[in-house]
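J.: Next up is a structure, given as structure tokens.
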Amino acid sequence: MTVPTARLIVATTDPRAEARLRYAFSAYAALHGIRVVPDGPADVTVAHGDVAEPADVTLAAGYRPRPLPSPAPAPTWVDGMPCFHLAPDGRPDLLGEVVEWLAAPHESACTDLDDVGRVPPQHTLAGTHGLDRTVPWANRWLARVHAAVRTALPRLPAAPLSPFGAPRTFVASHDLDHLSGSRLTNARRVVKNVAIAFAHRRDVRTGVQISAAAAHRAARRAPIADDVRGVLAGEAARGIRATYTVVAESTHPRDPGYGLDEDYVRRTLRAVADDGHELAVHGSYRSLEQPGQLAHEFDLLAAAGFPATGGRQHWLRHRGAELYSALITAGARWDSTRGHPDDIGYRHGAAFPFLPYDFATERPLPLVEIPLVVMERALCSATPDPAAWPGTAVDVLRAAGEDGWGGVAVLWHDAAFTGTYYPVRLADAYWAMLDSGDHWVTADEVADAARARWETAGAFARTAAIR
């Protein structure tokens, strides 16, 4: 089938606004597999605002860039949607709304970081304005763009077509935070986990569970704090390939403390790779504080025999654009840090992989962000009923399937399968989620598919090519 083409004409004379609106239009085209042409004939010509040239579709224009850093004002609700950029006639600026969510200028105004050094959920766009994080708002705005475009080009499919030929495709990922063969290291970690359960979470049941599970695993001479082998067996039985992130060098007490030179670590990573899974970098706690440290960690993992194309920051720790700069320097092609540890849902309102936007250069970055939408421990905050955890996770993923094709990630840590950290039924929730009928691939596969879509959508016309 011939790939449909589209052209965007913008009325604004503000180069910043034009660059951001074209970025939003690229997001629309990438989601739907449309090729954007810079000029000349196209299957559909879309105008943003009143333009002199003929256009098939005209979108309302109301987007005005705010000075950075300035938070977004309270939204105006129109037709059940929170609007941050209204045209003079009161209609939402659809592309402007997409910019607000994907580029996230609102977060640049946050100066009150949490104790780990992250922008806390309450200072994101959804958190500040009390918006439902489980709704992919950016997708909802893109769906309205698509409805307008289809009035002029009805042969376009109503829903976004998946690059994988499957209705819903997601990434299963595991951060290896407890991967150590040292019984002393594991014993200390178990004691710490019991203390967290009792003192911090006030969860006596889980504290008792952790103690009993650790004793049981020690008696069986099984790894106390991780069950990677068991996870590999379960995924192999389902024919699923996942992404496992590794801390290549511990530089802080909050890092796991294992080393790539440990025999147990090497054997475990080799088992992961031999089963066809992806190994990626779990950037250490201080990996963004020293120039070149994150690139060094990519090099360490490669030297160990496991070259990586992307990763996720330990503790989801980053303070903004520095993360993407460090990843690009390291030669990474994807990241999956942007999410919340204790809240499920869509931090950027995006139920699809996207390119982060760089306000310094006013262009998208050559890196695919795979939104992290469910971390296992967040299910405990979402509902106290363990029986509801699988359904809660699947419901969030279904939102991605309804408004797109997916391409977002879930995270279950290695310790979630041992009963020595989290409530043990979170492991059951993982397997039930995998058995819900969706398609699961690695982060690198999603990044490759997304990168091709964004390139076709013209996102790299003004930026360096992806490595």
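What follows is calculated from the coordinates using simple rules that are stated; it is not laboratory data. No experiment lies behind these values; they were computed from the predicted model shown. Please note: Cβ atoms are built from the backbone with ideal geometry, for glycine as well, and neighbour counts cover all protein chains shown.
J.: State the Cα centre-to-centre distance between segment 218-294 and segment 401-467 in whole Å.
T.: What the calculation gives is 17 Å, centre to centre.
J.: Please list, by residue number, everything in segment 378-415 whose backbone N is under 18 Å from a paramagnetic label point 7 Å out along Cα→Cβ of R183.
T.: From segment 378-415, the list is empty.
J.: Quick one: length gained pulling R254 to Q122 fully straight, 0.36 nm per residue minus the C-alpha distance?
T.: On the way: separation 132, 0.36 × 132 = 47.52 nm, distance 2.36 nm.
Using 0.36 nm per residue and subtracting the Cα-Cα distance, I get 45.2 nm.
J.: Between A218 and H296, how high is the FRET efficiency from 1/(1 + (r/R0)^6) when r is the Cβ-Cβ distance and R₀ = 51 Å? Nearest 0.05. Intermediate values should be presented prior to the final figure.
T.: Details: r = 35 Å, r/R0 = 0.69.
Once the sixth-power term is evaluated, E becomes 0.90.
J.: Still on this model: Near G283, within a Cβ-to-Cβ distance under 14 Å, what is the net charge of the other residues, with Lys and Arg +1 and Asp and Glu -1?
T.: Details: positive: R118, R254, R286, R312, R317, R319, R338; negative: D175, D177, E249, D255, E289, E297, D299, E322, D335.
Every neighbour counted, the sum reads -2.
J.: Mind checking the full-extension length gain between V51 and D112? Use 0.36 nm per residue of separation minus the Cα-Cα distance, one decimal, nm. Show your work: numbers first, answer last.
T.: Values: separation 61, 0.36 × 61 = 21.96 nm, distance 4.21 nm.
Full extension from V51 to D112 adds 17.7 nm.
J.: Length gain on complete extension for the stretch A148 to T361, per 0.36 nm per residue less the alpha carbon to alpha carbon distance? Could you put the intermediate results ahead of the total?
T.: Working: separation 213, 0.36 × 213 = 76.68 nm, distance 3.02 nm.
Value of the extension gain: 73.7 nm.
J.: For the residue pair H439 and I9, what label-to-label distance in nm results when each label sits 7 Å from Cα along the Cα-to-beta-carbon direction?
T.: 3.7 nm
J.: In deg cm²/dmol and to the nearest 500, what is the mean residue ellipticity at 222 nm of the chain if only DSSP H runs of at least 4 residues count, each as -39500 (n - 2.57), divided by the residue total?
T.: Numbers: 14 runs with 163 residues, N = 467.
Helices in the chain give a 222 nm mean residue ellipticity of -10500 deg cm²/dmol.
J.: Only one of the listed values, (1) 77, 42, 42; (2) 77, 47, 35; (3) 64, 49, 44, was derived from the coordinates as Cα extents along the principal axes in Å; which label is it?
T.: Correct label, based on the coordinates given: (1).
J.: Then there is this: Can you figure out the FRET efficiency of T2 with D395, using R₀ = 41 Å and their beta-carbon distance, to the nearest 0.05? Let's see the in-between values first.
T.: Working: r = 36 Å, r/R0 = 0.88.
Computed FRET efficiency for T2 and D395 comes out at 0.70.
J.: Please report the net charge: other residues with Cβ closer than 12 Å to the Cβ of V44, K and R +1, D and E -1. Intermediate values should be presented prior to the final figure.
T.: Numbers: positive: R7, R35, R150, R155; negative: D43, D56.
Net local charge, V44 excluded: +2.
J.: Further question: Rounded to the nearest 0.05, what FRET efficiency is calculated for E322 and R201 with R0 set to 30 Å and r the Cβ-Cβ distance?
T.: Numbers: r = 31 Å, r/R0 = 1.04.
The pair E322/R201 has a calculated efficiency of 0.45.
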